[in-house]
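Reading through the structure tokens given below for one structure.
The values are calculated or read from the model by the stated rules, or taken from the named source; none is laboratory data. These figures come from a predicted structure and were not determined experimentally. Neighbour counts run over all protein chains shown; Cβ positions are idealised from the backbone, glycine included.
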């Protein structure tokens, strides 16, 4: 049962980390519903997030290498105005700073006070409403090539809001991209690239904490199974979500968030 549970939550994480429907919100509810106590929830969530980080690294491997090289070359020859790779590399660096700072400073508060199913419900519905609103009012006509420094910083600050379970990192940063006039697919692509440094840094810090907790060897195997299933599912979700957003709106995800919020409300009232 432990391995089945691990695979199920890995699949949930792989789907919900990249779809704009909040992975942390789903995991909080899943833990609450399934009531599994073999490994503490936070340690298991760390393993699942490592899995989705691996999915990001595999999917964007060539982009990551290209931007790292461009970032390094910018210190020898600054060509940010005419070199798109340099510009995007610096935008990713700058956009990662706000969430990195806030995540480090408020990690304890977030874990202790914000992992609340009722808060998840409120944020699921609120961000869903923003999906419908932003789809109506913003032009969605620009590619990443014309994104500005201010736009990258705005998306970076939007990523701070994703520290609250129920918001969705991809959802809130895609919304910020739409507000900057980006096409849906361009906003999603930048959202995924922007998440790599923050998710990687946070995952590394929490993994050190998990290692120091002296988890038994048999529990590590369960964590590994969850991470692998999360990585496998996450890779294909990235691939098909980018394809989907090329010609479809975010409305379906808004409706899903409304339905999920209603289901959670009913569950919380009758449990």
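Some values worked out for this structure:
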read-out: Candidates 128, 166 - the one that is crowded, with 24+ Cβ neighbours inside 10 Å, modelled with pLDDT of 95 or more and either in contact with a strand residue (DSSP E or B) (Cβ under 9 Å, 6 or more places away or on another chain) or over 21 Å from residue 80 (Cβ atoms) (or both); value: 128
read-out: Odd one out for residue 152, checked against (1) outside any helix (DSSP H, G or I); (2) crowded, with 20+ Cβ neighbours inside 10 Å; value: (1)
read-out: The stretch 106-126 residues that are over 14 Å from residue 258 (Cα atoms), paired with ones that are in a helix (DSSP H, G or I) and modelled with pLDDT under 80 (beta carbon under 7 Å, 6 or more apart); value: 111/42; 115/28; 117/28; 117/29; 117/32
read-out: Residue count for the stretch 176-192, restricted to those that are under 17 Å from the mean Cα position of the chain (by Cα) and either closer than 12 Å to residue 148 by Cα or without any contact (Cβ under 8 Å) to a residue 12 or more places away in the chain (or both); value: 1
read-out: Subset tally (residues that are touching a strand residue (DSSP E or B) at 6+ places or on another chain (Cβ under 7 Å) and surrounded by 24 or more Cβ atoms within 10 Å (Cβ to Cβ)) for the stretch 169-185; value: 1
read-out: Answer residue from the stretch 228-263, given it is more than 30 Å from residue 138 (Cα to Cα) and modelled with pLDDT of 90 or more and is surrounded by the most Cβ atoms within 10 Å (Cβ to Cβ) among those; value: 230
